[in-house]
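Colleague: Before we start, here is the structure in question, set down as structure tokens.
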């Protein structure tokens, strides 16, 4: 299927915060209260539209368990966006964010867009992390922030799409070198045709037009 | 009738707690201070689980009791910090803690099995096609479907009916015994009852599959848990079982003083906990708990003939239950001894095997190999799980059990022969693979290979092909080094 861009994402965060459920809600529009724990990494994909352009998202959902870290780290490279997820009902998952962030920053390309997600917002009665705390953390570290519920689907679309918008804007601003696939972005076949109108101040990225 | 009822048993019990996933491994850094802190903190949380004080007497009840468990923290670990102090190795502590933490997160597992099972029509007919499976409509059904999703599909691929994953038979049901099968069973009985069982002969006979009637004792022998000498077996079993429960007393008991209910979950938790305590160097890796399930189910099958439909683990005598638990522990330990580097820091065994798989495939099917390269599919992206979980996530449990008949008969079955099985498994899908024309399609396919209806026949073919590959390449590593 034709698309203008392909963005690669990675989803990270502690075990049990809902990474796989967010992905499933986003790709399949359903919630799975009980599921097999992720082993290593798993893959999902979906098409979205931004600014009238078809954008393909390819998403690596990683296992939260520490022992898999050496495997999952290699997926940071080549990701244009990261969803860093914690569980608003478990304070420890919020406390670990700094570690996750360090890990992400260390292993990814410096322009990677990171969206901080406080998941399980439907469980208000069990909340341990205030929304303001999430906002403050995001502000302090230059992240985008949303609270989501993979269960009710609240903000799930938005989380994935806003991340894509941010990446898209960065492309328009010329921040991303879209000819370097290690940045997690590819130009799609659809884009090749209307290339000139989209490139913004990118210079000489024409060459990538045909790839997919 | 016996065959029929044991078939139903398989349906019922394959998704034991623990069966499914993650639990433990080499925790690194060895001691995570956060862990301790969390455990203590969790203690202060209200215990919302009725499970603790209530004896869950059946899978169903157990499931109900745990239905709210999925995102609750780890209330389970209430008494953990007290036992904590009694353990002497920090590393062991952390690893064991991880078992418990993960395990308690996993309490949901039996629920999944149960909800799936409770959706089955009472006659428990095997759902034969995915279209049939799709007919289910209730929300619970949806949930069951969803639960199968990981194994099954990202977008819309056929869903594996749980029964089909679990049943010990091909989806078509258990055929009556053929003359050949009767002869084989006779041969096994002879071997097993002889004064000194000829283990080489037993391996030879077991390679093509062990008849279910003699599988439990055969597995105990093949794994090296039981001695070949018939007279010594009884004593060995007694001693090993006592030894195991000695560990439990030493390390585990203090956690649950008030209540010793033997639910599936507890049994699995204990097995994994003790293993972790005794293997502080090993990784604490999700997936190891999967490896308990085949043993547990096989040893349980020895004692469950009737009324398996509503099988209630607490109806078994304490002795029987303890023996199943201890035997599962020892056999799983033997298995893990052979694949330890799969689960140590950075999982070098798995990395090595995935690399070897890649080399092997490049030699035996260049077209598939080049197809992957063309679309930038890396072997690690799909085969990591094949190695980490010994294909258990890719195959129905009945197939895993059949596979293990052979793995236990083959020298280095789990550590080495598995590689050839993975190669044969991959090539089995070559047509489907070559039909996919992009990265995404390939990954989706490889993550969700449709083995839903697989049974002994498919595994037999797979093993034959794996054997051929091994024969060609095993003793000539340069053959597959390009």
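Colleague: With respect to the numbered conditions (1) more than 21 Å from residue A:140 (Cβ to Cβ); (2) touching a residue at least 40 places away in the same chain (Cβ under 8 Å); (3) under 16 Å from the mean Cα position of the chain (by Cα); (4) buried (at least 23 other Cβ atoms within 10 Å of the Cβ), which one is the sole condition not fulfilled by residue A:83?
Modeller: (1)
Colleague: Residue A:100 - would you say it is surrounded by fewer than 21 Cβ atoms within 10 Å (Cβ to Cβ) and either over 13 Å from the mean Cα position of the chain (by Cα) or part of a strand (DSSP E or B) (or both)?
Modeller: Taking the combined requirement at face value, the residue satisfies it.
Colleague: Which of the residues spanning the range A:104-121 are assigned to a helix (DSSP H, G or I) and facing chain B (nearest Cβ under 10 Å)?
Modeller: none
Colleague: Return yes or no: is residue A:38 more than 7 Å from chain B (Cβ to nearest Cβ) and in contact with a helix residue (DSSP H, G or I) (Cβ under 6 Å, 6 or more places away or on another chain)?
Modeller: yes
Colleague: Taking the condition of being touching a helix residue (DSSP H, G or I) at 6+ places or on another chain (Cβ under 7 Å), at the interface with chain B (Cβ under 7 Å from one of its Cβ atoms) and within 17 Å of residue B:447 (Cβ to Cβ), how many residues in the range A:1-29 meet it?
Modeller: Number satisfying all stated conditions: 1.
Here is a yes/no grid of residues against (1) crowded, with 22+ Cβ neighbours inside 10 Å; (2) within 23 Å of residue B:296 (Cα to Cα); (3) within 14 Å of chain A (Cβ to nearest Cβ):
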{"residue": "B:385", "(1), (2), (3)": "yes, yes, yes"}
{"residue": "B:390", "(1), (2), (3)": "yes, yes, yes"}
{"residue": "B:398", "(1), (2), (3)": "yes, yes, no"}
{"residue": "B:408", "(1), (2), (3)": "yes, yes, no"}
{"residue": "B:414", "(1), (2), (3)": "no, yes, no"}
{"residue": "B:435", "(1), (2), (3)": "no, no, no"}
{"residue": "B:457", "(1), (2), (3)": "no, no, no"}
{"residue": "B:462", "(1), (2), (3)": "yes, no, no"}
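Colleague: Name the residues in the range A:104-120 that are surrounded by fewer than 21 Cβ atoms within 10 Å (Cβ to Cβ) and either under 16 Å from residue A:139 (Cα atoms) or out of contact with any helix residue (DSSP H, G or I) (no Cβ under 7 Å at 6 or more places or on another chain) (or both), would you?
Modeller: Within the range A:104-120, A:104, A:105, A:106, A:110 meet the criteria.
Conditions tested, residue by residue: (1) buried (at least 18 other Cβ atoms within 10 Å of the Cβ); (2) assigned to a loop (DSSP other than H, G, I, E, B); (3) modelled with pLDDT under 95; (4) out of contact with any strand residue (DSSP E or B) (no Cβ under 9 Å at 6 or more places or on another chain).
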position	(1), (2), (3), (4)
B:215	yes, no, no, yes
B:218	yes, no, no, yes
B:244	yes, no, no, yes
B:250	no, no, yes, yes
B:259	no, yes, yes, yes
B:267	yes, no, yes, yes
B:274	yes, no, yes, yes
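Colleague: Of everything in the range A:86-103 that's touching a helix residue (DSSP H, G or I) at 6+ places or on another chain (Cβ under 8 Å) and under 23 Å from residue A:175 (Cβ atoms), which residue is farthest from the other protein chains (Cβ to nearest Cβ)?
Modeller: A:101
Colleague: Among the residues of the range A:42-73, how many are within 22 Å of residue B:388 (Cβ to Cβ), more than 7 Å from every other protein chain (Cβ to nearest Cβ) and either part of a strand (DSSP E or B) or without any contact (Cβ under 8 Å) to a residue 24 or more places away in the chain (or both)?
Modeller: Residues that pass the stated criteria total 4.
Colleague: From the list A:71, A:12, which residue is modelled with pLDDT under 95 and more than 19 Å from residue A:153 (Cβ to Cβ)?
Modeller: On the way: A:12 fails: modelled with pLDDT under 95.
Among A:71, A:12, only A:71 is modelled with pLDDT under 95 and more than 19 Å from residue A:153 (Cβ to Cβ).
The values are calculated or read from the model by the stated rules, or taken from the named source; none is laboratory data. Please read all numbers here as calculations on a predicted model, not as lab measurements. Cβ atoms come from the backbone with ideal geometry, glycine included; neighbour counts cover every protein chain shown.
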